[in-house]
Every structure is written in structure tokens, then in C-alpha cells.
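One structure is given below, encoded as C-alpha cells.
The values are calculated or read from the model by the stated rules, or taken from the named source; none is laboratory data. Computed from a predicted structure; not experimentally measured. Positions of Cβ are backbone-derived with ideal geometry, glycine not excepted, and every protein chain shown enters the neighbour counts.
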């Protein structure tokens, strides 16, 4: 156990908190300089239309306007397009085919809010005024704005190479084995669920600032989770050598996956700065974020679960239909057709699986990553199936899960999806959670609620997700002559406190004061890597920090041996000092660094891990429902989470809480809604509901470190998305448990008061 004040396992506050809470944060929109041009986008009011012409004369002549750009301007500079994923195929076995996403629409607009033109002016007000003067001649086409409309007989064909509006398909498992399992099943449970479309709604909207130096090098300041990846993407789409593009990132006001990739506005801003030779900045308004910041979910799933007479799973059949929006740029289809299915069987032993999925094009905003990215949808299905099966079999839902959990003796366990779980003790986790939540005492609480005229329900979910995405990351470590240690990483802080966790790892391993440590991030010039996404920041990035610091000690031991004229094997290290065994000879780490030609000890390491990790958890939720209004209140919430080794328990709890809050939003409040013509009806906070602090109970969080990750040196598994993955089905199943005595067997998300109220009255028409 550590004795370091700021070492591993200590619950210290995030290093950046004081600065952010006192208004000293530096976000993209704080970085502007006098003389910057402001970029404002003209967006399509139509969901589907041909651009017959654009008259920009009046806009160009407006006061303060420097330039107006359309797709033809970008094409003249050979600016590229966003390409669909090469990893996916259509039903004919050919590469995935969808309309190309251009930074500015070319001949056709395909969703409301798609950028058509951009105005650069001396002020934002001037740019906005001129944008209103630009005239676009649209010829409207029929639009499809939902899965049902896109797949209906006679639906408009949105893209010639995507018959029936299906852009790509995937298939996993063994259909014949699954069919055989269903044939011998004693019981089959069936369910159809919809994961509604969600908007990420980060507290800081997307923004960027581009400038070009005297040598033609582009620097783009962005609100991004992935500065290195964004730099590479910008270079590619602009046709520039990679060394000619630098991306820097300051503070990021939330990312949630939406800020992992390049957006069209980033490209246009960078292009404008290069074309005009002046710094150019842009910032999305809130309505623009609802319209054009990528959405997620919007997936319909049908599932069938085959069980034997003892309630043990024999087979699982899944049919996924995903609305990927108007364009299939990565990761739209990958999340639905490849990422989510990895965890479709959850923590259960499923002998046979038959899964198929299809990605469907519609005239809606593009779909991207959002906290959990495919895993919440998969876990929602299997956990809803387990609760439905328990109700049909009249078995306690916790007991049915217990019968089907993968035992720890089976680790490493290979799933029907071909994935390998390296560690986990799922029965132990279930036992801990049921005890912590007082599962056995529920009936007394249900009775007390009934006495007050309230319906009370409970649910338990046992689940896991995978983390990692790309399984390597580079870290550079400098031990400086002044005693400072600087670690350079492509991982990006966006509220998850990753810099604090990193300094804890370094302080523990190097045995030095955390105040001597600086974590350098947010600059593609100082580090390369995938960035922060898929809960990989600690799983891989933290492991890289530990490896780099151990390598620094090893290198220091070699150098100390030279300085002290002793074999490296005789050199010990403790508290920042190397000593020769059995003597009083020694040298401090800083002094050793000062003796080197560059006055530093420099380490560069590439951390590789053997695959994804599998954080898992058990969540227990209790709700009360007012049958007269349909209002749902979460009254108790308990979690036990296996995130591997815990670096900072305070940060872990915060991440779990944040994930649960976003899951509650999906379960009870949030939904992006389009009308039949593809017009966005939820384009502001007046129309799109988000959870507030008073919508959440006190959340009792517990962690379990008894099953550390076996395939990375740190032992951590990741936590950023775990709460979102587990909480959505837990909340909905608790709502249904409360309503089941009234005859309600299903309810669509979000379970708003109106939907709950209507569900009660449809099940009991005489209810007053």
C-alpha cells in the first residue's frame, strides 16, 4: 500500500479544479486575438434538396465581410471529403456505400443543419448579418427521417449504391447452432427495444481557431479529445504533409465521444485561414450543436433468448437496425455493426449466438460516438431480456442472472463474438451489490411506498463493457536538471481528471513529490497517439505512464552506475535518489539529469496491451412512480464496479456518477425528434430535456479491486463509460417492475411522465 500523499489509491481532487472553478479556464473561444476573422455557417433548412444555385453577391458586399466560401471554393483547392469506413460491406459483399460527406454541401443537402456556405467577416455580428443575406436556391426532394420511413416499401432511394437505404451489414455467431438451441429450448423470451436518438450536448460547444505562420504551417486550436488524430485528419483532407499541421487543445468543456473526430466546420475554418492568410475562428451556437454536432444511438433491436427448463441460457438471436443518419463516415456504422456487438452477450454464458445488423441511411444528422458508443445499446437489450425472462418464469431477476453468470474459474473466457475476457468475478460482484443495496429488504420499502400511494419498483443489472479501441500509446518522459518531471501524452483532459491520475502514477513509481510533475497534453507536436476515447486514457495511457517511469528508473540506474562507478545491479533507488548498496555513495535524480549532455534523462516508450479490457459492474436501482401523474423518481441507487486497480477513488466515483446521470437522461428524459419531413423539433433546451442534480438520488458507489486487469502493467480497466452502460437498463427495468402489477409490460424510452401515465391507463382503462 502506498505511503505517498499523492500516490496511487489516494482520493485527491483534480489538479485543474481550482483553476476551472475560479474562472481561469482557457477554452477555445477564450483564445481569440484582435484581428481574428469570424466564420459563420449557412446551413440547410431542408432535410433533402438539390442545390440549384447560390447567390452570394449581397453577402459578399455586406459590411465587414472578407470572403464567402462554397463547396466550389474548397474543391478548387482539392479539399477532400469524409470517407465511409472501409471495414464494412453492404449486403452484396461490396464496400460500404453512402453519400460522401463534404465539408460544405456540393449538389445536394441531406439533413437540416448541413453546412452549405461559410462567411468570414471582421466580427461575428457582421458574419451573421451577411449569412442572412446569402440566397440558396433549393429544389426540395422527398425526405425520410426515421428507420420506418427509410425501410418502407416504395421509400425514396437516398443513394444509388445503397439499395433499400441499407448502407452496410454485419453478421456474427453461428446461425445453425443457434437455431438448434432454440429448437430444444423450454422457454423463449422475445423483446423489441428502441434506443432513441440522443444529442451529446457538451457544456462547451464545438469551436476552433486556425492560423498559418510565415512558413505556411497551419496551427488549429480546437475543443477536441484527440489532438494528434485531428492533426492527421486535417492534413489528409487538406492535402498537406502531416508536419505542416499542428493541433493544440486547451481546456475542453466535455467531449463524451462527440469530439473524438474531425467535423466539417474544422476543415472549413482551417481552409479559410490558409486561403485568407489571417487567423479565423468559429464557434457553434447551441442550435447548431443540436443540428450538426453528431448524434448517437437511434437503434432498433429485436432479441430472442432461449432458455432450458432450469432457466439457463441456450442461445441468443439478435437483429439490429441502426439509423446512421445521412452519411456513413466513421464511426457511424462501425459503432452499431462492430463495436456494440462485442458485448451483446454481457456477463452471461451464452453457448450459441446469431447476430445480424444493418446500417440505414436517412435524412437526419450524422451519427457518431457518444458515451458508451454501442455498448449501452447492447447491454440494454440483454438486460431487458433477462428481466423479461425472469418475469415470465416467475424467478427473482437476481437469481436468473446468477444462474447464467460466467464463473471466475472460466477466465480467460472466450465469448461467441470471439472476444476474450481476461478477468472478472461476476458472482462475487452480484453478491456485493445485492448486500449493499439491501435487496432482501425491498418488500418492506415497497409496502411503505404503497401506503403513500406510490408504486415502487426495483431492478438489478449485471453488465460489462470493453475499453481500449487501439491497443497502444506513446508517452515521452523527461527528468529535468531542475528536478521537474515532464510527461508528454496525446491523451486529452475533458473533465475526467486524467492529468491528476497520471501524476499519481508518476509520483508513486518515481517516489517523488507530485508538485514536481507536469503532465503536458493538448499538442500534436509533443505527442502522438489516438487520444482519449473508449475509456482508454487510464487503461492504456496510464499503463504507458507507469512503463515510462519504470524505464526512467532503469535508465537512471545505468547512468548512476557510470557516475558512481558501480555495476547497475548494485544501484538501488528510493525517494528520488540512487545509492550504491552497502555504501553512503549516492546521487539524486535531478543531479543525474544535470550531468547528461542535454541536461535531462529522456524516455520514449510505446505501451502495447494484448487487447481490450472488460470493466464490469452491478447496479441496483429503486424507483417510485406517482400513478396519477406518471412521474418517476429514482429513490435509491447502488453500484459495485470492477474497474481494475483504482488510481483515484474520488475520480472513479465522479466518472460513475456522471455516466449514470447521462443514462438517466436517456432512460427518462432525452430524445432527439425529427418530424416526417426531417425538420428538427428538439433544437434547443426548451425542447430537449436534460437531467438536473435534483433528478438524481444520493448514489452509493463501491469499487472492487479483487480482479485486476491481467493484460496491462497498471491493472486498471477503465471507468469513463461504465455508468452509462449499466444504468439505462437498470432504471427502465425498475420502472417496469413498478408498473408490472398494473399490467404494463413494456415502455419506450424516454419513460416520460406522459408515457408512464398513458401506459398505466392503456393497461387499466378504468384508471382515473
Exercise for the section: Would you mind stating whether residue 643 is at negative phi, at pLDDT below 95 and buried (at least 16 other Cβ atoms within 10 Å of the Cβ)? Expected result: no
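Looking at 388, 384, which one is buried (at least 22 other Cβ atoms within 10 Å of the Cβ), at negative phi and in contact with a helix residue (DSSP H, G or I) (Cβ under 9 Å, 6 or more places away or on another chain)?
On the way: 388 fails: buried (at least 22 other Cβ atoms within 10 Å of the Cβ).
From the options 388, 384, the qualifying one is 384.
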Practice task
Collect the residues in segment 715-749 that are in a loop (DSSP other than H, G, I, E, B), surrounded by fewer than 19 Cβ atoms within 10 Å (Cβ to Cβ) and touching a strand residue (DSSP E or B) at 6+ places or on another chain (Cβ under 9 Å), keeping them in residue-number order.
Solution key: 746, 748
Problem - The lone exception for residue 572 - which of (1) in contact (Cβ under 8 Å) with a residue 40 or more places away in the chain; (2) surrounded by fewer than 23 Cβ atoms within 10 Å (Cβ to Cβ); (3) within 30 Å of residue 710 (Cβ to Cβ) it fails - result: (1)
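Quick check on segment 286-295. Is at least one of its residues assigned to a strand (DSSP E or B) and either under 23 Å from residue 467 (Cβ atoms) or modelled with pLDDT of 95 or more (or both)?
Looking for residues that are assigned to a strand (DSSP E or B) and either under 23 Å from residue 467 (Cβ atoms) or modelled with pLDDT of 95 or more (or both), one finds at least one in segment 286-295, hence yes.
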Problem - Failed item in (1) touching a strand residue (DSSP E or B) at 6+ places or on another chain (Cβ under 6 Å); (2) within 30 Å of residue 746 (Cα to Cα); (3) assigned to a helix (DSSP H, G or I), with residue 634 passing the rest - result: (3)
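Matching residues to (1) surrounded by 24 or more Cβ atoms within 10 Å (Cβ to Cβ); (2) over 26 Å from the mean Cα position of the chain (by Cα):
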residue	(1), (2)
266	yes, no
271	yes, yes
284	no, no
299	yes, no
311	no, yes
314	no, yes
318	yes, no
322	yes, no
326	yes, no
Exercise for the section: Give the residues of segment 59-84 that are farther than 14 Å from residue 267 by Cβ and buried (at least 21 other Cβ atoms within 10 Å of the Cβ), sorted by residue number. Expected result: 59, 65, 68, 84
Exercise for the section: Might you let me know whether segment 593-611 holds any residue that is in a loop (DSSP other than H, G, I, E, B), on the phi > 0 side of the Ramachandran plot and touching a strand residue (DSSP E or B) at 6+ places or on another chain (Cβ under 9 Å)? Expected result: yes
Problem - Matching entry among 456, 484, 476, 516 (being touching a strand residue (DSSP E or B) at 6+ places or on another chain (Cβ under 7 Å) and closer than 28 Å to residue 347 by Cβ) - result: 456
Practice task
Sort out which residues of segment 424-473 are crowded, with 18+ Cβ neighbours inside 10 Å and free of Cβ contacts under 8 Å to residues at least 60 places away in the same chain, and write them in order of number.
Solution key: 446
Handout entry: Yes/no for residue 97 being under 28 Å from the mean Cα position of the chain (by Cα), more than 26 Å from residue 210 (Cα to Cα) and either touching a residue at least 40 places away in the same chain (Cβ under 8 Å) or surrounded by fewer than 20 Cβ atoms within 10 Å (Cβ to Cβ) (or both)
Key = yes
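Residues checked against (1) farther than 27 Å from residue 378 by Cβ; (2) crowded, with 20+ Cβ neighbours inside 10 Å:
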| site | (1), (2) |
| --- | --- |
| 133 | yes, no |
| 177 | no, no |
| 213 | yes, no |
| 221 | yes, yes |
| 236 | yes, no |
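So which of 410, 359 ends up being outside the structural domain of residue 723 (by TED's automatic domain parsing) and surrounded by 19 or more Cβ atoms within 10 Å (Cβ to Cβ)? Steps first, answer last, please.
Values: 410 fails: surrounded by 19 or more Cβ atoms within 10 Å (Cβ to Cβ).
From the options 410, 359, the qualifying one is 359.
Table: residues versus (1) surrounded by fewer than 23 Cβ atoms within 10 Å (Cβ to Cβ); (2) more than 24 Å from the chain's Cα centre (by Cα); (3) modelled with pLDDT of 95 or more; (4) more than 30 Å from residue 256 (Cβ to Cβ).
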| position | (1), (2), (3), (4) |
| --- | --- |
| 493 | no, no, no, no |
| 528 | yes, no, no, no |
| 535 | no, no, no, no |
| 541 | no, no, no, no |
| 545 | no, no, yes, no |
| 548 | no, yes, yes, no |
| 555 | yes, yes, yes, yes |
| 560 | no, yes, yes, yes |
| 577 | yes, yes, yes, yes |
